[in-house]
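First up is the structure itself, then whatever we jot down about it.
What follows draws every value from the coordinates through simple rules; no lab data is involved. Because the structure is predicted, anything quoted here is derived from the model rather than measured. Counting neighbours? That spans all protein chains shown, and the Cβs are built from the backbone with ideal geometry, glycine included.
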Number of protein chains: 2
Amino acid sequence: MVLDRLRVFLQRRKIDAILITQPENRRYISGYTGHDVSIAESSGVLLVPATGRPFLFTDSRYLLQAEAEAAEFQVELYSKGLLALLKKKLPLLSVKRLGFESHYLLHATAAKLSSLADKLGIELMPLSDVIEGFRVKKSAEEIEKIRQAVQLNEEVFQKVFKELRPGQTERQVALKIETLMRKKGADGPSFDTIVAAGPNGALPHAVPTNRPIQEGEPVIIDMGLKINGYCSDMTRTVVCGAPDTKTKKLFRIVRKAQLAGMKAIKAGVTARDADGTARKIISNAGFGDRFGHGLGHGVGLAVHEAPSVNFRSRKKLRAGMVVTVEPGIYIPGWGGIRLENMVVVTGNGFELLNRDTTFLDL
Amino acid sequence: MVLDRLRVFLQRRKIDAILITQPENRRYISGYTGHDVSIAESSGVLLVPATGRPFLFTDSRYLLQAEAEAAEFQVELYSKGLLALLKKKLPLLSVKRLGFESHYLLHATAAKLSSLADKLGIELMPLSDVIEGFRVKKSAEEIEKIRQAVQLNEEVFQKVFKELRPGQTERQVALKIETLMRKKGADGPSFDTIVAAGPNGALPHAVPTNRPIQEGEPVIIDMGLKINGYCSDMTRTVVCGAPDTKTKKLFRIVRKAQLAGMKAIKAGVTARDADGTARKIISNAGFGDRFGHGLGHGVGLAVHEAPSVNFRSRKKLRAGMVVTVEPGIYIPGWGGIRLENMVVVTGNGFELLNRDTTFLDL
């Protein structure tokens, strides 16, 4: 159980307690689903001692929700601010070494925490990506939630795809997708939906414009949603009407690269080898310099999380990781093709989470 | 002009350059509208020297947009990361003292910046809320943009209100509002829309649930949108069918407090005095302990920004500030009433930005 795992980590590192501020880590460790407006407007912070009952500090707006969701945690209110509460709490818990999430605490907050620690004779330990490391391998229950997110994603895509017509603008299609996600029960999109038609597809992170979709041009639809906290991420490249020869040619290369990339995935394979297998197909076809991003990334509570599956990473894939496989070719002035599925890494290979085959056999 | 104002600030404080990471500040100073996925996934950073041409550092995805929008800035790519670029750039610009936004830089990033600064013999100056201070007083052009946001907000509210029926759930109504905002051209909501029916209205920051709206109960609708970067924020409390005696009674108290609060607003008045004027009406009616939040807050590029208009702030309101006036009464188990308008502070008093009078004369 994740809380025990964290306690063992703290004990090994001789850290008396850790302050958890990163929202997905907070949810992973406590079950509390509070939504932060921004890093400066948090809905709560965990304080987990190496032994004994952990705490969830929040304000009155979130009290009932926190108590209901984080049953193992003692919920307390920081009515005079987090620092004032820590000033009381840390000595009571005899904390001498306090860990915090260096990658999710503002410099200004850390400076205040540091001066409090000085006063209390506490040593601060900046930590990075500790709980992110725990999150990399998914439990069966997590995979089930991700599967549901992928399935709902496909339902939404199918409906919008069937109604896709030339003349609809990128923005209209993106709005339709995000509205339908919410109507079907998603918490919302897991990232800003990309609908990139014709030349706009040359930018991997295109923002939808008022450009009407034209017959025959490739349209990249990259969409994800979040449900029960877990994310999906899927890309299809589709065409209204008949695709031209160039589109078909590039499409087939990307699809071939995707199939090879998926087949290369297996516990024990390095991320760069999986990436390289897909990349080689695109390079051999003469488009190596038109595939500027990595093959994929982890997906879970966050839509972008470890592991990175790219040409730099020597890390090995492990069973239970969930990653995207999303090769692409981007031609400035012309447009782009990207195809993205999600897979679970297994001991023998991979399990494909997507069922949707729309436009994959061009 | 804002860039000159920033340069004067830097010269006075003997700071050679400032690094701007906060997204609204970046937009305010440069005009660049790039959207950050999160504090860890930025779309760009400004480096503004006390004299000479300022820089906008970004990655290739945002290059064209940055160049088009931030014409006064020299746009450069950080292909090997921000720190690597700064390592080259800071010595070239002879920076000896470098300011940064302590309230919008992660501890981990600040630690790396600090070790770079040590190597280069640069003194780091943590700064907070400098540009936020510039943003407090709005220009005529900014007020015009805010007015447009308020107007669009009211159009959306009007349409949804006219179609409001018992049986619609809070979530359905919130989704309808957010969809309509986008259809009418807004960038999106400026915060998560609140639709809180009956007892749910007792929480000032309620999250929409699947509760169907019932005839006769008060429904708080708190909604805002963003268009051209500027925000609106408006609350109405409405009833499907005939409100009961208690609703009417509380509603009239809140409305009276709102009118008094607006009339108290004028350049030179302290925030606490404006708050106090409205609060007194609610207290005198016996509900002082049921109005737990401040009277209002500034609105601009951010939906919550300075000034805070509450009982603690001794700061004086100044002409050109744009603030909300939003008293409320919250009764646990029963529900709540809140009414929120936006006003511009003027030398003689205030200008009401709202035209909508739905349900204000209960």
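Structure values in brief
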| item | result |
| --- | --- |
| Long-range HN-HN contacts of A:Q74 with modeled amide H, under 5 Å | A:F55, A:L56 |
| B:N348 versus A:K159: modelled label distance in nm, points set 7 Å from Cα along the beta carbon direction | 5.4 nm |
| Cα-centred dipole magnitude for region A:206-362, charges only on beta-carbon of K, R (+1) and D, E (-1), debye, nearest 20 | 560 debye |
| Candidates B:A174, B:A267, B:A117: whichever shows maximal mean-square fluctuation once chain B is modelled as a Gaussian network with Cα springs under 10 Å | B:A117 |
| At R0 = 41 Å, FRET efficiency that the Cβ-Cβ distance of B:A140 and B:S283 yields, to 0.05 | 0.65 |
| Projected area averaged over orientations for region A:174-291, convex hull of C-alpha atoms, nm² | 8.8 nm² |
| Neighbour cut-off at most 15 other Cβ (10 Å), DSSP loop, trypsin sites (Lys or Arg not before Pro), region B:13-94 | B:R13, B:K14, B:K80 |
| Interchain or long-range residues, amide H under 5 Å from B:N354's placed H | B:M342 |
| For region B:167-255, size of Cβ-based charge dipole, Lys and Arg +1, Asp and Glu -1, in debye | 240 debye |
| Per-selection Kirkwood Rh - region B:140-352 (Cα, Å, 1 d.p.) | 17.2 Å |
| Under-5 Å amide H pairs with A:F100, H placed in peptide plane, nonlocal only | A:L19, A:M125, A:L127 |
| Calculated P(r) of chain B - Cα pairs past 26 Å, % | 55 percent |
| Number of partner chain Cβ atoms within 10 Å, mean per residue of A:250-257 | 0 |
| Backbone HN-Hα couplings from phi across region B:145-158 [Karplus 6.51/-1.76/1.60, Hz, Gly and Pro as x] | 5, 5, 4, 5, 5, 5, 5, 5, 4, 5, 4, 5, 4, 4 |
| Anisotropy class of region A:154-206 from Cα gyration tensor, a/c 1.5 cut | oblate |
| Residue-wise HN-Hα coupling along region A:214-230, computed from phi with Karplus coefficients 6.51, -1.76, 1.60 (Hz; x: Gly, Pro) | 10, 4, x, 8, x, 10, 8, 10, 10, 9, x, 9, 10, 9, 6, x, 9 |
| Distance-filtered residues of region B:168-211 - backbone nitrogen under 12 Å, label point 7 angstrom along B:D244 Cα→Cβ | B:198-199 |
| Simple label model, 7 Å out from Cα along Cβ direction - A:S94 to A:D192, nm | 5.2 nm |
| Leading residue at positive end of dipole, region B:140-352 (Cβ point charges), from B:S283, B:A264, B:T237 | B:S283 |
| Rounded if a/c under 1.5, otherwise prolate or oblate - region A:2-135, Cα gyration tensor axes | rounded |
| Cut-off 16 Å, label 7 Å out along Cα→Cβ of B:A40, residues of region A:109-126 by amide N | A:126 |
| Among B:T51, B:V2, B:A70 - extreme Cα towards positive end, dipole of region B:2-135, charges at beta-carbon | B:T51 |
| Average partner coverage of B:327-335, which counts Cβ from other chains inside 10 Å | 0 |
| Over the protein assembly as shown: Kirkwood hydrodynamic radius from C-alpha pairwise inverse distances, Å | 27.6 Å |
| Rounded, prolate or oblate (a/c below 1.5 giving rounded, otherwise prolate when a/b exceeds b/c) for region A:303-362 by Cα gyration tensor | oblate |
| Computed lengthening from A:Q151 to A:R53, 0.36 nm per intervening residue step minus Cα-Cα distance | 31.5 nm |
| Projected label distance in nm at B:E123 and B:S60, using a 7 Å step from Cα toward the beta-carbon | 4.1 nm |
| Rounded to the nearest 20 debye, dipole of region B:2-135 from Cβ charges on Lys, Arg, Asp, Glu | 520 debye |
| Residue order, fewest to most surrounding Cβ atoms within 10 angstrom, among A:H103, B:H107, A:H293, A:H35 | A:H35, A:H293, A:H103, B:H107 |
